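Chemist: Sharing a structure below in structure tokens format, with a few things to ask.
Coordinate-derived values only; no laboratory data. The model shown is predicted, which means the values in this text are computed figures rather than measured ones. Note: ideal-geometry Cβ built from the backbone for every residue, glycine included; neighbour counts use all protein chains shown.
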Amino acid sequence: MRNPAGILTRRALTATVAAGVGLATLASSALVSPARAADDPLKVGFIYVGPVGDFGWSYQHDQGRQAIEAEFGDAVETTYVESVPEGADAERVLNQLAAGGHDLIFATSFGFMNSTIKTARKFPDVMFEHATGYKRADNVATYAARFYEGRYVIGIIAGMMTETNTIGYIASVPIPEVVRGINAFTQGLRSVNPEANVKVIWVNSWYDPGKEREAAETLFAQGADVLTQHTDSPAPVQVAEEKGIYAFGQASDMSQFGPNAHLTAIVDDWHGYYIDRTRAVMDGTWESTDTWGGLDSGMVAISDYNPILPPEVVDAAEDARKAIEAGELHPLAGPLMDQVGQVVVAEGEVPDDAALLSMDWFVQGVLGQVPK
Amino acid sequence: MDGLDAIAALLVATIRAATPLALAAIGELVTEKSGVLNLGVEGMMLVGAVAAFATAVATGNLPLAILAAMVASMLVAFLFGVMTLSLMSNQVATGLALTIFGIGLSAFVGKDFIGIPITSLKPLDIPGLSDLPLIGPVLFGQDPLVYASVALTVAVGWFLHRTRAGLVIRAVGENHTAAHAIGYPVIAIRYLCVLFGGAMSGLAGAYLSLAYTPMWVENMTAGRGWIALALVVFATWKPGRALLGAYLFGGVTIVQLHAQGLGVEISSHILSMLPYLATILVLVLISRDETKIRLNAPACLGKIFRPDF
């Protein structure tokens, strides 16, 4: 989900340009967190694409790692390596972890996919878990979360809170994951407010506080009174607070950056999955699986609602959340129309996972294009 | 929103986006003029950003926070000076190491400051003037560091080209052996220039964590230090051009965001590429005339000076 092959983010580019930085980053970022062991603890390794302090994607994975430590105590020993560039460096780090006696390794970014598969072939006794990818092996499982379910719920809140009927959406890079999120958000929005539109601005980066801020300011200048984002920094929430408009947190609860603006957040919650999978290795029941969990699995959670939300808005959001959890409502169920009004998914139909995983077009109500 | 307000918003955003680039570039420009290539700008900016933020959280005193940023970045720059000027290590390798060190150090120090809100550096609000259409927000509604960046650019331009001390710095950068032979303390002068570069990077970092995006998150410079380095070459080592270059870079970023919001059908990838394309274009243009670039590029840039006593 992070950087798909072929899309070079600015961060990746910087790492490449600064010749030699890659290797040294590895050295500087090999922060090993010590968790002292009794006899023969299970060693669990993590590699993150960003810094653990990004307050977004990598931060939430690290919360999951800490949950494993809290759950198993001395029975596990965890290690993490942060800010690992996708590519050759990732493979070296994975090799290092596998050779260093780790029994279970979580590779937490889309771009680690090929490195994970290659390393797994060399270490058949080590179990690998790769986030958001689609390549599996006997010792490689994949997992991801249906964040679009959460986006439908916040879309409903946005639709009821907007006065200008313009919602600003700060998007990162044009991959199906992001496009699907925008569509689910728009479907939620239009289910309560058919007049409202979503204005999308791409910043072509997962994480650039400055650029995210400017995108937020631009959207505000162009009439948006609710902002939402698929980038990792809390900068847009800060802008919303400053301008007196609303925003939603991304990946983690960002309310301290905008106590009045922050309506709620879609939280990535890996605790349960990480604990389950670690336990499976301990019990010897681990096998290669493909998990795509939604609101019902707890992998996607809606954080606390801001008290300023009127009760009817909270009720509408909660109803949708419960309906999605119960499987009664699919955020991207038909009828789905594209931007020119052509029906793509007919009424009564629900796109299958394959269609969701390759979504590259916008539904009606989205202003802006998917960059080609 | 009427047209004038939209243009004002565009200009204000451009200046805001350009300011950290300009501050860091002006500092690096002076360092390079003395013949030292410090590739550690990104690292020094991060150290400045975290120092400013930590001080702001601890004391709530923003001028003190800015000062702390400058001092902290100067300390890191001093380390660079000791390595390259006294111990004569390779400047390129040391500079890269400095960036990596700065990223790590700032992340380590900043761990406890993630997610803490602060009162940010507020823009000026001069009754009457700041409310004027267009020129109000652009000229009278910026925060103090924006004015500082313009003032420092003018000051550095004047200092380098109109004062004796500036001439000495340039002489040291052009030919350190000759400067040494006529009795100038080459190493001491270079130390001062490296420290100045550090202080300016610190200011740029402080601008990011106090004004631009008032928070601390790891690696928040997101590559701006590298752009500042490119700007120095782009500007052919001239302060005024560095400032204009920063506005150009900032402007293209902002214009592409506005264009997207207005539904202009240009690939955002191409628009994101524009600043870098512009750098390459200018590099090609200025290097067509060899003497032109040779006149401005410090001849001893990156070379190690070993005085023989």
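Chemist: Using a basic spin-label model with each label point 7 Å from the Cα along Cα→Cβ, how many nm lie between B:Ser86 and B:Ile7?
Modeler: Result: 5.5 nm between the two label points.
Chemist: Sticking with this structure for a sec: Which of these, B:Ala24, B:Ala58, B:Ala211, has the largest mean-square fluctuation under a Gaussian network model of chain B (Cα springs below 10 Å)?
Modeler: With Cα springs under 10 Å in chain B, the top fluctuation among B:Ala24, B:Ala58, B:Ala211 is at B:Ala58.
Chemist: Per residue of the range A:158-165, what does 6.51 cos²θ - 1.76 cosθ + 1.60 with θ = phi - 60° give for ³J(HN,Hα)? Whole Hz please, x for Gly and Pro, Karplus curve as stated.
Modeler: 4, x, 8, 9, 6, 10, 8, 6
Chemist: Moving to a separate point now. Do any GluC sites (Glu not before Pro) in the range A:265-372 lie in a loop, going by DSSP, with at most 10 other beta-carbon atoms within 10 Å of their beta carbon, and if so which?
Modeler: The qualifying sites are A:Glu287, A:Glu328, A:Glu347.
Chemist: List the chymotrypsin sites (Phe, Trp or Tyr not before Pro) within the range A:66-145 that fall in a DSSP loop (any state other than H, G, I, E or B) and whose Cβ has at most 16 other Cβ atoms within 10 Å.
Modeler: A:Tyr134
Chemist: Hey, got the average number of other protein chain Cβ atoms within 10 angstrom for residues in B:92-100?
Modeler: 3
Chemist: What's the exposure ranking of B:Leu134, A:Leu227, going from fewest to most Cβ atoms within 10 Å?
Modeler: Fewest-to-most ranking of B:Leu134, A:Leu227: B:Leu134, A:Leu227.
Chemist: Specify the angular offset, from 0 to 90 degrees and rounded to the nearest 10, of the alpha carbon long axis of helix A:311-325 from the longest principal axis of the alpha carbons in chain A.
Modeler: Approximately 50 degrees, to the nearest ten.
Chemist: Using amide H atoms built in the peptide plane, which far-off residues or other-chain residues are under 5 Å from B:Met220 H to H?
Modeler: Correct list: empty.
Chemist: Pick from A:Gly64, A:Gly45, A:Gly210: which residue has the top mean-square fluctuation in a GNM of chain A where Cα pairs under 10 Å get a spring?
Modeler: Largest GNM mean-square fluctuation: A:Gly210.
Chemist: Need one word for the protein assembly as shown: rounded, prolate or oblate. Basis is the Cα gyration tensor (sqrt eigenvalues a ≥ b ≥ c); a/c below 1.5 gives rounded, then a/b vs b/c decides.
Modeler: Oblate is the answer for the protein assembly as shown, as a/c is 1.5 or above yet b/c matches or exceeds a/b.
Chemist: Sort A:Trp202, A:Trp286 by Cβ crowding within 10 Å, fewest neighbours at the top.
Modeler: By the 10 Å Cβ count, ascending, the order reads A:Trp286, A:Trp202.
Chemist: Further question on the same structure: Which of A:Gly298, A:Gly50, A:Gly155 moves the most in a Gaussian network model of chain A with Cα springs under 10 Å?
Modeler: Fluctuation is largest for A:Gly298.
Chemist: Next up: DSSP loop GluC sites (Glu not before Pro) in the range A:114-196 with at most 16 other Cβ atoms within 10 Å of their Cβ, which ones?
Modeler: The qualifying sites are A:Glu163, A:Glu195.
Chemist: Tell me, A:Phe123, A:Phe220 in order of fewest to most beta-carbon neighbours within 10 Å?
Modeler: The order, fewest Cβ neighbours first, is A:Phe123, A:Phe220.
Chemist: By the gyration tensor of its Cα atoms, with a ≥ b ≥ c the square roots of the eigenvalues, what is the shape of the range B:141-288: rounded for a/c under 1.5, prolate for a/b over b/c, or oblate?
Modeler: Note, shape of the range B:141-288 comes out prolate.
Chemist: From the backbone phi of the range A:110-120, what are the Karplus-calculated ³J(HN,Hα) couplings (6.51 cos²θ - 1.76 cosθ + 1.60, θ = phi - 60°) in whole Hz, Gly and Pro given as x?
Modeler: Each residue of the range A:110-120 in turn: 3, x, 8, 4, 5, 4, 5, 4, 5, 5, 4 Hz.
Chemist: Around A:Val126, with a cut-off of 10 angstrom between Cβ atoms, what is the net charge of the other residues, counting Lys and Arg +1 and Asp and Glu -1?
Modeler: 0
Chemist: Is there a simple number for the mean count of other chain Cβ atoms within 10 Å of the Cβ of residues in A:114-124, and what is it?
Modeler: Mean shielding by partner chains, rounded to a whole number: 0.
Chemist: Rounding to the nearest 10 and keeping the result within 0 to 90°, find how far the Cα-based axis of helix B:41-59 lies from the longest principal axis of chain B.
Modeler: 60
Chemist: Give me the number: length gained by fully extending A:Asp304 to A:Asp74, i.e. 0.36 nm times residue separation minus the C-alpha to C-alpha distance, one decimal in nm.
Modeler: Contour length minus the Cα-Cα distance gives 79.5 nm.
Chemist: Please give, to one decimal in nm, the separation of the simple spin-label points placed at B:Leu64 and A:Gln256, each 7 Å out from Cα toward the Cβ.
Modeler: 2.1
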